[in-house]
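Peer 1: First the structure, which I've put down as structure tokens, then a few questions once you've had a look.
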Amino acid sequence: AAQEVSGAKGGRVQLSRLTKDYDGFRAVDDVTIDIAPGEFVTVLGPSGSGKTTVLMMIAGLVEPSAGAITIGGRDVTHLRPQHRNLGVVFQSYALFPHLTAAENIAFPLRMRRKDEAEIRRRVEEVLDLVRLPNVAQRLPGQLSGGQQQRIALARALVFDPPVLLLDEPLSALDKKLRENMQFEIRELHRNLGGTVINVTHDQTEALVMSDRVIIMRDGRVVQSGSPSELYEHPKSSFVADFLGTSNFLKGELELEEAQGADEWSLVTAGGLRCRVPEPVQGSKGRAHLMLRPERIVLNDSAATEERFEGRVAQIAYTGNIIRYRVALNDRDVIEVTLQNKPGHVPQVDIGSQVTVGWSLEDVHIFLESTIKQCV
Ligand code: ATP
């Protein structure tokens, strides 16, 4: 559920049972989302999952087939885009090429018939805000891609919209600039306090920028929550796989009669018998066991409840992190990642025998019956 962000001055956005059909193809299917005033929400999903269509319906650029949209308590479902008072940064909403940066930014204020003095003051303010005070008189063609995206952002912010819509606003930037802009937009949001709805297929961007992430697949919302909730408690193997790196061991849940207490395990095709945590006990059938690679320890038997022997099949050095692929038998391979800290990285080579271990509380189980429901 949406939680109001303290001191927020943004608008509340409510999507209820929103659906969009294109010639019999359902691009958005019964989407209900409640976004609190001042919340920064990112809609994340693979290509074609319906993210942009949701945003276009909020913007008023695509007519919903069913459902309703309210902004600040007002039903805007059938209102024209210019009457919704939204700031919009879409790739398709490029800067006007024949207007200077300053004139581009001034445009929404001119549409709202503000006087010259106010326009000049506000344009200067937002140019400072996006840290580009010196390019005011340049044409878009004389700006770098990153500068153009900042000017587009300034144009969307200049009239202080209660709701800002962003559609892949950073996709044209190189990695370094994109990472900087993620923090800058977050900082801007903290200072300005409006509601932001962002769309991306970049999971890192979603995790870095958002209060809440909404994951879509095939036109539907499959899970929503804070970045840490989604990462730590994915409800499906789709979400686990989409956010971060996951190890999946596939097999059959089996009950073993032990002395005193019965014990449930997942038995893989490779013959691995892995114990499973309490909540899924009592279920039978095929399941996926998921472990995050950073939760697995290598050659450190002290702290783990579950341990297996394996052989190092690959080692990848990526600077801050070292990734090991460990074959536990001829079918089951898992990845272990270790921080590249002095004294922390074991001396192992490809082919070394190692022990991998984990705690039961880090084991996630997804039943295949529920996996099919999520497809
Ligand atoms: P991407 O990350 O690639 O932009 P997306 O999640 O934003 O993807 P949408 O652009 O919302 O996805 O598209 C959702 C589905 O609707 C896709 O299968 C797309 O082909 C289809 N679609 C989008 N616009 C139209 C249209 N005007 N006519 C027909 N089908 C459309």
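Peer 1: Out of Phe90, Phe159, which single residue is in contact with a Pro (Cβ under 6 Å, 6 or more places away or on another chain) and at pLDDT below 90?
Peer 2: Every option except Phe159 fails the conditions.
Peer 1: Only one of Ala154, Ala240 is among the small types (Gly, Ala, Ser), over 25 Å from Phe366 (Cβ atoms) and either touching a residue at least 40 places away in the same chain (Cβ under 8 Å) or out of contact with any strand residue (DSSP E or B) (no Cβ under 6 Å at 6 or more places or on another chain) (or both); which?
Peer 2: Working: Ala240 fails: over 25 Å from Phe366 (Cβ atoms).
Answer to the selection: Ala154.
Peer 1: Which ranges mark the strands (runs of 3 or more DSSP E) fully within segment 176-273 that have 3 or more residues being within 16 Å of the ligand (Cβ to nearest atom) and modelled with pLDDT of 85 or more?
Peer 2: 195-200, 212-217, 220-225
Peer 1: What is the residue count in segment 55-66 for residues that are within 11 Å of the ligand (Cβ to nearest atom) and within 15 Å of Val221 (Cβ to Cβ)?
Peer 2: Looking only at that region, the number is 2.
Peer 1: Quick one: would you say Gln148 is polar (S, T, N, Q), more than 30 Å from Pro46 (Cβ to Cβ) and more than 16 Å from the ligand (Cβ to nearest atom)?
Peer 2: no
Peer 1: Moving on to the next point. Within segment 10-54, work out how many residues are part of a loop (DSSP other than H, G, I, E, B) and within 15 Å of the ligand (Cβ to nearest atom).
Peer 2: So the answer is 8.
Peer 1: Condition check: surrounded by 15 or more Cβ atoms within 10 Å (Cβ to Cβ) and within 16 Å of the ligand (Cβ to nearest atom). Does Val130 satisfy that? Please lay out each step first, then the result.
Peer 2: Details: surrounded by 15 or more Cβ atoms within 10 Å (Cβ to Cβ): yes; within 16 Å of the ligand (Cβ to nearest atom): no.
In short, no.
Peer 1: Restricting to segment 62-79, name every residue that is under 23 Å from Gly194 (Cβ atoms), outside any strand (DSSP E or B) and in contact with a strand residue (DSSP E or B) (Cβ under 7 Å, 6 or more places away or on another chain). Can you show your working first?
Peer 2: Of the residues in segment 62-79, the ones under 23 Å from Gly194 (Cβ atoms) are 62, 68-77, 79.
Applying the additional criterion that residues be outside any strand (DSSP E or B) yields 62, 72-73, 76-77, 79.
Val62, Val76, Thr77, listed by residue number.
Peer 1: Right, something else. Would you kindly identify the strands (runs of 3 or more DSSP E) lying entirely within segment 293-375 that contain at least 2 residues that are among the small types (Gly, Ala, Ser) and in contact (Cβ under 8 Å) with a residue 24 or more places away in the chain?
Peer 2: 306-317
Peer 1: Quick one: would you say Gly87 is away from the ligand (no atom under 16 Å from the Cβ), surrounded by 16 or more Cβ atoms within 10 Å (Cβ to Cβ), in a strand (DSSP E or B) and in contact (Cβ under 8 Å) with a residue 60 or more places away in the chain?
Peer 2: yes
The values are calculated or read from the model by the stated rules, or taken from the named source; none is laboratory data. None of these values were measured; they are calculated from a predicted model. Every residue, glycine as well, gets a Cβ built from its backbone with ideal geometry; the counts of neighbours run over all protein chains shown.
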